[in-house]
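First comes the structure, then the notes that go with it.
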């Protein structure tokens, strides 16, 4: 049996942290990961921002059972 869940992305502005939680069908919430937001804004470092976004997207896709199934991963 494959466990399925969705992701909830939470931004803590004061701490400049991004948290990703797994949300299961029974409403259980589990912290998956948390990372610092980039120090620079997109105007200051487009490369840093693009790297952050790429890694975040890859992380979410690889953790998602549904995305892995659809993408054949």
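The values are calculated or read from the model by the stated rules, or taken from the named source; none is laboratory data. All values derive from a computational prediction rather than experimental measurement. Cβ coordinates were reconstructed from backbone atoms using ideal geometry, including for glycine residues, and neighbour counts include every protein chain displayed.
Where strands (runs of 3 or more DSSP E) fall entirely within the chain, none has at least 3 residues that are touching a strand residue (DSSP E or B) at 6+ places or on another chain (Cβ under 6 Å), loosely packed, with under 11 Cβ neighbours inside 10 Å and at pLDDT below 90.
Residue 5 fulfils the conditions (1) farther than 13 Å from residue 64 by Cα; (2) under 16 Å from the mean Cα position of the chain (by Cα) except for a single criterion, (1).
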